[in-house]
Structure formats: C-alpha cells, structure tokens
Amino acid sequence: MKIDSARFVKSATRPADFPRDKKPEIAFCGRSNIGKSSLLNTLTDVHGLARTSSSPGRTQTINFFLIDDRMYFVDLPGYGYAKVPKTVKDHWGAMIEDYLRNRDQLKLALMLVDSRMPPTESDTVMKDWLDHYGIPNSVVLTKTDKISRNQLNQALRTSAHTLNTKEIIPFSAVTGSGKDTILTRIRTAVHHIPQ
Ligand SMILES: Nc1nc2c(ncn2[C@@H]2O[C@H](COP(=O)(O)OP(=O)(O)OP(=O)(O)O)[C@@H](O)[C@H]2O)c(=O)[nH]1
Ligand SMILES: [Mg+2]
C-alpha cells in the first residue's frame, strides 16, 4: 500500500468532536515521546504532517488525519508521562479511553514500544486494555536504528513475552525500516471492513 494523500483534519478532546463520516480508523498509541507522530509522518511520506518534538507530551489532543480520502490515522496523546498505571485514569488517559472504547470504526491500534528498553508497566496496562476491549492491535518497536541486531532480537523476545503477543513489527523513522510491513498490516485491517 502506498499513500497518495494525507492531510490534517482536526484535533479533538471529546467524542462529540470526532469525525462522523464512519471511515475506518487506525490509531497510534504509546508512551509520550515514543515516536507516534514520527511514525505517522514516515508512513504518509509527509514531513511535518504530525508535529514531533523531543520534549514529551507534545501531542495533547486526539489528531485526525485523512488518508487517501478513505481512512483516518489517529494520533493519540502519549500516556505514562507522569509514570505508570494511573495512566488510564489521568486526564489524557480518560481522553484516550473515551476514544478507544466505543469507536466502532477503529480497525487497528498500532501500539508503540521503545526497542531500547523493556515495555513499561503502562505499556502492559495499555496492551491488556486493547485486548480486553477486543481492539485488533500490533506492537511496533520504535527507534531500532539506535540498537544492534542482537539487541533487536533480544527486544523482540522481551516484548513478545511481556506483552504476550506474536505480532511485533520493528520500525525506525530514521531508516524507514518496517514501514512497508506496517502499511501492509494497515491495508489488511482496513480491508476486512464491510463498507
Ligand atoms: N533515532 C530515532 N529517533 C526517533 C524515531 N522516532 C522518533 N524519534 C525521535 O523521538 C522524539 C519523539 O518523537 P515523536 O514522534 O514526537 O513522539 P510522540 O510519540 O509523537 O510524542 P508525544 O506526541 O509527546 O506523545 C523526536 O525527537 C523524534 O525525532 C526513530 O525511529 N529513531
Ligand atoms: Mg506526538
């Protein structure tokens, strides 16, 4: 799948402001500063589409991007900024939960985890939560350009075990590695929708 057009549509903080046209949605979730906005920019090939920053907590609203006029990429605020599992209870957590829980058009959540360290408790909470609510999800190991091949293999084992999943895609926004695999995963998720 190649993306031909991508544009920012709106920022929202509550369900009343989410798009109403029922197009399928792909959500990007993960801790603050993990690389959600960077992944979104890489997938769309539009530099600066989603704002990135080296200071955590840059994205504080739910941001909707229209992709090829047929689906939305949804950039969620980072969780776990102020430390662990109260995440889903704090302000951003409540906003994310509001989005994730009842969104029928949500077809896939890409859950980003840092390849350089084991998943945190907030990552585990988020993954359990996605599974509990039956939201199809793939784990994306980010920033793999910063680690060796051996470290990557170790990271794959650790996250598979900790997050109890086989669906893990290594990715780097710097080299673009993993991009095609993620786009294929998205296409598969969107395809299965009765429209
Ligand atoms: N080396 C490297 N740096 C990355 C990669 N992805 C993101 N970064 C850097 O990590 C920082 C955070 O990236 P963002 O994409 O803004 O992260 P985010 O998850 O959107 O952050 P919030 O919006 O604050 O939740 C930025 O300085 C990026 O340049 C990657 O694959 N490799
Ligand atoms: Mg962001």
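Within the range 162-189, residues that are within 19 Å of Ser148 (Cα to Cα) and modelled with pLDDT of 95 or more sit with their Cβ atoms under 6 Å from residues that are charged (D, E, K, R) and open to solvent by 30 Å² or more (accessible area, probe 1.4 Å), at 6+ positions apart or across chains, in these pairs: Ser172/Asp145; Val174/Asp145; Thr175/Asp145. For the range 20-31, a residue qualifies if it is farther than 20 Å from Ala189 by Cβ and either open to solvent by less than 20 Å² (accessible area, probe 1.4 Å) or away from ligand 2 (no atom under 11 Å from the Cβ) (or both), and exactly one does: Arg20. Against the numbered list (1) assigned to a helix (DSSP H, G or I); (2) loosely packed, with under 14 Cβ neighbours inside 10 Å, Thr175 comes up short only at (1).
Is it fair to say Asp128 is among the acidic types (Asp, Glu) and without any contact (Cβ under 8 Å) to a residue 12 or more places away in the chain?
So Asp128 passes the test.
Evaluation of Arg116 against the conditions (1) modelled with pLDDT under 95; (2) assigned to a loop (DSSP other than H, G, I, E, B) shows that the sole unmet condition is (1). Taking each residue of the range 84-102 that is at pLDDT 80 or above and looking for partners that are among the aromatic types (Phe, Trp, Tyr) and assigned to a loop (DSSP other than H, G, I, E, B) with beta-carbon atoms closer than 9 Å, six or more apart or interchain, yields Tyr99/Phe18; Leu100/Tyr133; Arg101/Tyr133.
The values are calculated or read from the model by the stated rules, or taken from the named source; none is laboratory data. Small disclaimer: the values here were computed from a predicted structure and weren't measured. Every residue, glycine as well, gets a Cβ built from its backbone with ideal geometry; the counts of neighbours run over all protein chains shown. For accessibility, only protein heavy atoms count, side chains too; no ligands or nucleic acids. Shrake-Rupley method; radii C 1.70, N 1.55, O 1.52, S 1.80 Å.
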